[in-house]
Structures are given as structure tokens and as C-alpha cells.
Number of protein chains: 2
Amino acid sequence: MGREGVGVNLETSLGYLLKEASSVLRSAMEEVLRPLGMSVTHYSCLELLAQRPGLSNSELARGAFVTRQSMNVLLQALERDGYVTRPAEAPVGKVLPTRLTPRGRRSLEKATVAVRSVELRMLAGMTGTEQSEAFRILRRMIHSLRDGNAETTRS
Amino acid sequence: MGREGVGVNLETSLGYLLKEASSVLRSAMEEVLRPLGMSVTHYSCLELLAQRPGLSNSELARGAFVTRQSMNVLLQALERDGYVTRPAEAPVGKVLPTRLTPRGRRSLEKATVAVRSVELRMLAGMTGTEQSEAFRILRRMIHSLRDGNAETTRS
DNA sequence: CAACCTGTGTCAGAATGCTGACATGGGTCG
DNA sequence: CGACCCATGTCAGCATTCTGACACAGGTTG
């Protein structure tokens with residue numbers, strides 16, 4: 001009531017709902033990762049490395065949706081604690097390929113179980129069709145937002 | 001490749017996609033709000049007050065998905081700059097109902113135009129059916145994550 | 001080859017948000 | 001009424017992330 005059509009109604013805004021969903025998901029993940037002494041970014045980094053070994057700092061940052069500076073801070077801590085290794089010298093250029101250590105892999109395994117439980121809870125009550133529908137719609141939203149990125153950028 | 005079934009595959013994880021969508025949306029909003037000297041939380045607060053005048057600090061915090069401490073810092077700045085007003089004394093209890101000033105309303109109007117353009121861009125290429133489908137699915141995800149909140153996840 | 005542009009790793013400072021803690025007001029029971 | 005519990009506003013300290021800046025490696029182009 002009031003403001004219909006004029007602007008952004010929070011009750012019916014997909015953007016607001018997306019933010020809410022993301023917030024709830026993050027809380028749920030933090031809750032199950034906290035007992036393991038791990039943050040969401042921490043977990044994301046390890047999971048990325050497990051699935052794509054040898055990723056660089058910048059690539060990890062993009063994959064975890066943080067800046068490379070933030071990821072660098074995290075990587076230094078992970079390296080110090082023996083979860084990942086990076087060569088002292090760059091094999092080519094300045095890129096330092098990062099890899100999980102056995103310790104990092106073990107740590108990730110426990111985290112993955114926890115995170116999967118959250119993912120499953122989120123999907124509870126959704127049919128397979130709905131899940132692929134959700135997947136398709138989210139991809140479309142991302143693409144629409146990205147291509148029309150900056151009004152004056154390119155062309 | 002690798003890890004099929006074992007754990008969380010980032011390529012097919014709805015959670016990861018949700019985080020990506022949220023990240024892209026936030027970037028897009030920051031981009032259009034920056035010229036107005038406004039952050040996303042800043043805007044969210046004003047929009048909440050426009051649609052539900054008299055909200056308290058804690059209620060605003062929940063609506064903007066931050067802690068009441070963070071919202072309090074923002075409210076103090078907004079009050080200092082004349083965008084909102086709060087009574088010096090609580091009419092009842094400790095709750096201080098907040099309201100937009102005319103200046104706050106003018107500021108919000110410009111921001112709303114900017115944010116709506118982002119919302120429209122995100123919805124571009126989606127039919128009305130798809131939009132309501134997205135709405136339904138997101139609500140379901142939120143609900144599934146919230147009710148099984150407790151660690152024991154009801155048996 | 002030299003000039004440029006892009007991407008990268010890294011250091012430093014600043015901003016933003018969060019956790020912890022406290023006093024207080026209101027409601028609910030006993 | 002008194003004891004309790006919960007929610008609120010607020011202060012302080014801390015953590016995380018970001019923005020700004022720099023040097024350098026590789027590719028492209030003249």
C-alpha cells in the first residue's frame with residue numbers, strides 16, 4: 001500500500017528477496033562452519049582449490065567474490081597454518097599457483113559435509129524441476145546484470 | 001569432472017549461484033548509488049523508512065540484514081546529516097521510532113530511480129511467469145533454511 | 001626494440017560490519 | 001508485588017573487507 005509502481009516496493013522486489021535469501025544462506029553456513037573454526041570465505045577458497053588445483057590468488061578472489069587483496073590475506077594465513085602451499089618463486093610471470101596440502105584436504109572434507117547439509121536443507125521441498133528452474137533463472141539474472149554493466153562502458 | 005556426488009560441486013551448486021547473483025546485484029547497486037554518495041545499507045534504511053515510517057533501530061537492522069549496532073551507527077550519521085529524525089525520549093519503552101525528513105525523502109527519490117534501473121535490468125528478459133516463479137522459489141529457499149535453523153534440524 | 005596496456009602480487013590505511021557487554025523497559029508468571 | 005526473561009539502545013574493541021598505490025611480468029602494436 002502506498003508507493004505502488006513508484007520505485008521499488010520491498011514486499012515485491014526480487015532484488016530484496018535475493019538479498020534476504022543470500023543473507024539467510026550465509027548465516028546458515030556460518031553457523032555450521034563456526035564449530036570447525038572456518039569462515040565462509042575460508043571454506044570457499046578450499047573448495048575452489050579442491051575442484052581446480054593450481055588457481056592463483058586473483059582467480060581465487062574472483063571465485064569467492066572478494067578482492068584479491070582480501071584473498072591474499074586469507075591465503076597467507078592458510079599457508080602459515082599449513083592448509084595450502086604456494087611456490088616461493090613464480091614458475092611463469094607473477095602468478096603463484098596454489099595447492100591444497102593433505103591437511104587442507106582433510107579440513108575441507110569435514111567442512112564439505114557441513115555445507116552440504118545446509119545446501120540440502122535449502123533444497124528441501126523443491127522438486128528437481130524447480131531446482132533446475134531456479135538454476136536457470138539465477139543464471140539469467142546474473143547475465144542480465146553483468147552485460148549491461150556500466151552504461152558508458154564499451155560501446 | 002572429479003568429485004561428482006562427493007560434496008558440493010560449485011558448478012552445479014544453487015548456493016554458489018545464489019551467492020554469485022547476490023554479489024553481482026550488490027555491485028550493480030553500489031555502482032549506481034556511489035554517484036549519489038550512498039551505500040546499499042544507507043539506501044535500504046531510507047527505503048524501509050519510506051514504506052514503513054516509524055520503524056525502530058532494531059527493526060531497521062533486521063530489514064537491512066545487518067546488526068542493530070551497525071544500523072545504529074548509520075542512523076546516528078543520518079540523523080546528524082538531517083535525513084531522519086528520532087525523538088530524544090522514547091514515547092514508550094526504549095524504542096525510538098525513526099522518520100524521514102523532507103530532505104531524506106528527496107534524497108531517497110533520486111536513489112530509488114537509480115536502484116529501480118538496476119532492478120529492471122536484472123529482470124530484463126524474464127517473463128512475468130518467470131518472475132513470479134523466481135519469487136516463489138526464493139521464498140521457499142528462505143523458509144527451508146530458516147525453519148530448520150537449530151543445529152539438530154528437527155530429527 | 002620501445003611504448004603501451006592489462007593482469008598480477010603485495011603493502012598500507014580506511015571503512016564497514018560484527019561480537020561482547022551493559023543498563024534499562026516491558027511483559028509474564030509465581 | 002518480585003523474579004524472571006526477552007528485546008532494545010548504546011558503548012567499546014575487534015575482525016574482515018575494501019580502496020588506493022606501487023612494482024613488475026607478459027602480450028600487443030607501432
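The values are calculated or read from the model by the stated rules, or taken from the named source; none is laboratory data. On a predicted model such as this, the values are computed, not experimentally measured, just so you know. When we count neighbours, we look across all protein chains shown, and the Cβ atoms used for this are built from the backbone with ideal geometry, even at glycine. Surface areas here come from the heavy atoms of the whole protein model, side chains and all, with no ligands, DNA or RNA. Shrake-Rupley method; radii C 1.70, N 1.55, O 1.52, S 1.80 Å.
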Qualifying positions in region B:126-143 - loosely packed, with under 15 Cβ neighbours inside 10 Å and assigned to a loop (DSSP other than H, G, I, E, B): B:THR127
Qualifying residue in region A:50-69 (condition: facing chain B (nearest Cβ under 9 Å), outside any loop (DSSP other than H, G, I, E, B), under 16 Å from the mean Cα position of the chain (by Cα) and surrounded by fewer than 19 Cβ atoms within 10 Å (Cβ to Cβ)): yes
Check on A:VAL115, facing chain B (nearest Cβ under 7 Å), in contact (Cβ under 8 Å) with a residue 24 or more places away in the chain and within 30 Å of B:ALA134 (Cα to Cα): yes
The lone exception for B:ASN72 - which of (1) within 12 Å of chain A (Cβ to nearest Cβ); (2) within 8 Å of DNA strand D (Cβ to nearest atom) it fails: (1)
Some residue of region B:63-76 being at pLDDT 95 or above and away from DNA strand C (no atom under 13 Å from the Cβ): no
Filter result (within 16 Å of DNA strand C (Cβ to nearest atom) and surrounded by fewer than 14 Cβ atoms within 10 Å (Cβ to Cβ)) within region B:82-125: B:PRO87, B:ALA88, B:GLU89, B:ALA90, B:PRO91, B:VAL92, B:GLY93, B:LYS94
Condition broken by B:ALA77, with the remaining ones in (1) within 13 Å of chain A (Cβ to nearest Cβ); (2) open to solvent by less than 50 Å² (accessible area, probe 1.4 Å); (3) hydrophobic (A, V, I, L, M, F, W, C) satisfied: (1)
Neighbours by Cβ (under 9 Å, 6+ apart or cross-chain): first from region A:33-53, of a type in the set (S, T, N, Q); second open to solvent by less than 30 Å² (accessible area, probe 1.4 Å) and not in a helix (DSSP H, G or I): A:SER44/B:LEU10; A:GLN51/B:LEU10
